[in-house]
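The values are calculated or read from the model by the stated rules, or taken from the named source; none is laboratory data. Quantities reported herein were computed from a predicted structural model and do not represent experimental measurements. Note that each Cβ is placed from the backbone with ideal geometry, even for glycine, and that neighbours are counted across all protein chains shown. Surface areas here come from the heavy atoms of the whole protein model, side chains and all, with no ligands, DNA or RNA. Shrake-Rupley method; radii C 1.70, N 1.55, O 1.52, S 1.80 Å.
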Amino acid sequence: MTTDERFKQLEDVMVEMLRKQDRTVEELAHLREGQSELNTKVVRMENRVERVEGRLERVEGRLERVEGKLEDVNRNVLELRRDTEKYQQETTTGLSQIIDLIRGLK
């Protein structure tokens, strides 16, 4: 192989290397662009997650208040049942006494 042929072969190799380097730089630019888009999407998703978490905290707070009110209502219902049973017994006792008095008058 002559010197000219070797230089030509070396030139061809260098040209191919430069083409590959150009393609690599282009691909890297596309990757960076894609990464930038993904970073933007990640930031948007993080913002959405923060908003959803904030809403969830508010809903949980409301749920706790509703649960507290429900416990109060349950306590009131139990007290009302006890009072109703007590008053029914007192009414039954009072009616029995009235009936006994009426029978005693006969």
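Which value at 222 nm does the chain reach when only helices count, each DSSP H run of 4 or more adding -39,500 (n - 2.57), with the total divided by all residues and rounded to the nearest 500 deg cm²/dmol? All intermediate terms of the calculation are to be shown ahead of the outcome.
On the way: 1 runs with 103 residues, N = 106.
Result for the chain, helices only: -37500 deg cm²/dmol.
Run the 1.4 Å probe and let me know the accessible area of Ser96, rounded to the nearest 10 Å².
Its heavy atoms expose roughly 50 Å² to the probe.
What is the extension gain from Arg81 to Leu38, computed as 0.36 nm multiplied by their sequence separation minus the C-alpha to C-alpha distance, in nm to one decimal? Walk me through the numbers before you get to the answer.
Details: separation 43, 0.36 × 43 = 15.48 nm, distance 6.21 nm.
Once the chain is fully extended between Arg81 and Leu38, it gains 9.3 nm.
Projected onto the charge dipole of the chain (+1 at Lys/Arg Cβ, -1 at Asp/Glu Cβ, origin at the Cα centre), which of Val66, Gly94, Met14 gives the Cα projection farthest towards the positive end?
The residue sitting most towards the positive pole is Gly94.
Can you sort Asp72, Asp22 by solvent-accessible area, 1.4 Å probe, largest first?
Numbers: Asp72 70, Asp22 90 Å².
Reading off the accessible areas and sorting them downward yields Asp22, Asp72.
Using +1 on the beta carbon of Lys and Arg, -1 on that of Asp and Glu, and nothing else charged, what's the dipole of the chain about the Cα centre, debye to 20? All intermediate terms of the calculation are to be shown ahead of the outcome.
Numbers: 21 positive and 24 negative charges, 193 e Å.
In debye, rounded to 20, the chain gives about 920.
Pull out the extension gain between Arg23 and Glu64, defined as 0.36 nm times the separation in residues minus the alpha carbon to alpha carbon distance; nm, one decimal. Before the final figure, lay out the partial values.
Values: separation 41, 0.36 × 41 = 14.76 nm, distance 6.00 nm.
That pair, Arg23 and Glu64, stretches by 8.8 nm at full extension.
Calculated from the structure, Cα extents along the principal axes in Å equals which of (1) 94, 55, 18; (2) 155, 19, 19; (3) 149, 23, 11?
(3)
Compute, for Leu95, the solvent-accessible surface of its heavy atoms (probe 1.4 Å) with the complete set of protein chains present, and express it in square angstrom to the nearest 10.
That residue has around 100 Å² of solvent-accessible surface.
Aspartates and glutamates near Lys69 by alpha-carbon distance under 20 Å, same-chain residues fewer than 8 away left out - which ones?
Glu57, Glu60, Glu79
Given a Förster distance of 30 angstrom, what is the FRET efficiency for Leu56 paired with His30, based on the Cβ-Cβ distance and rounded to 0.05?
Numbers: r = 38 Å, r/R0 = 1.27.
Given R0 = 30 Å and the Cβ-Cβ separation, E is 0.20.
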